[in-house]
Amino acid sequence: MFRLIAGPCTVESREQTLTTARAVAAGGAVMLRGGAWKPRTSPHSFQGLGHAGLRILAEARAETGLPIVTELTDVREIDAVLAVADVIQVGARNMSNSALLTEIGRSGRPALLKRGAASTIDDLLAAADYILAEGNEDVTLCERGIRTFETSTRFTLDVAAVPVLKERTRLPVIVDPSHAAGRRELVRPLALAAVAAGADGLIVEVHPDPAEALCDGPQALTTAEFAAFADDVYALAAAVAPAPSLAAAA
Ligand code: PEP
Ligand code: MN
């Protein structure tokens, strides 16, 4: 089953998060994303609402029924995150934080592991091993763009990582076109490229009013455009998926 995960980069307020959650639920997302703690490049940028953000996510789940994926940035907050998260996200900046990975492994909670911006596919698989080694096999890998010499996108989406990872592991592989693109116009083409390459899902950022977003506004799809985006993604995913009879014969 192809998985479309969507929601705000950051939980900014109850209204912003619930508005977004309703829109992505109506548009066909199967999970709500949203960060309560944000691993910002600068300490002067908005760092997230923390525990108050988790409470808003819990309310969004109660209202929409969407499971929640949210990032754990600090192992000291694992109990608080476990109380709300159906899936724990490990961000690109923490991909190599082995203590964090081990604790998530021990928790047994499904994990979404993002590739570090300067990490190889081998590095990503080795990071996943820290979670798997604790007996937690519910790990989804996420390609979110890597650092290259190219500056016209925020990161360079490594589309080839999708088939390469699928050759090397049985873990599901999803793609985050939002952080790779850095601007909304590029999210749809990168998303479709990822689906065509065989991704098992996408995670995208959505905001009711991206111009006012406290984090990653330029790359957020608007709540108004999300449903059409989701329709296109699901239509391509259905076309790319092997027919059940062929899959059974393989
Ligand atoms: C995010 O998902 O909002 C995020 C910070 O992503 P990444 O860790 O890939 O930069
Ligand atoms: Mn973001």
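Quick notes on this one:
- Residue check, residue 90 touching a Phe, Trp or Tyr at 6+ places or on another chain (Cβ under 9 Å), at pLDDT 95 or above and surrounded by 23 or more Cβ atoms within 10 Å (Cβ to Cβ): no
- Matching residues in the range 173-190 - criterion: being within 16 Å of ligand 2 (Cβ to nearest atom) and farther than 19 Å from residue 116 by Cα: 183, 184, 186, 187
- Check on residue 41, among the hydroxyl-bearing types (Ser, Thr, Tyr) and either buried (at least 23 other Cβ atoms within 10 Å of the Cβ) or in contact (Cβ under 8 Å) with a residue 40 or more places away in the chain (or both): no
- Within the range 1-21, the residues that satisfy the criterion of being among the β-branched types (Val, Ile, Thr) and surrounded by 23 or more Cβ atoms within 10 Å (Cβ to Cβ) are 5, 10, 11, 17, 20.
- Single match in 39, 67, 110 (criterion: at pLDDT below 95 and within 16 Å of the chain's Cα centre (by Cα)): 39
- Picking from residues in the range 22-34 that are crowded, with 23+ Cβ neighbours inside 10 Å and touching a residue at least 60 places away in the same chain (Cβ under 8 Å), the one that is nearest to residue 57 (Cα to Cα) is 33.
The values are calculated or read from the model by the stated rules, or taken from the named source; none is laboratory data. This is a predicted model, so every value here is computed, not measured. Cβ atoms come from the backbone with ideal geometry, glycine included; neighbour counts cover every protein chain shown.
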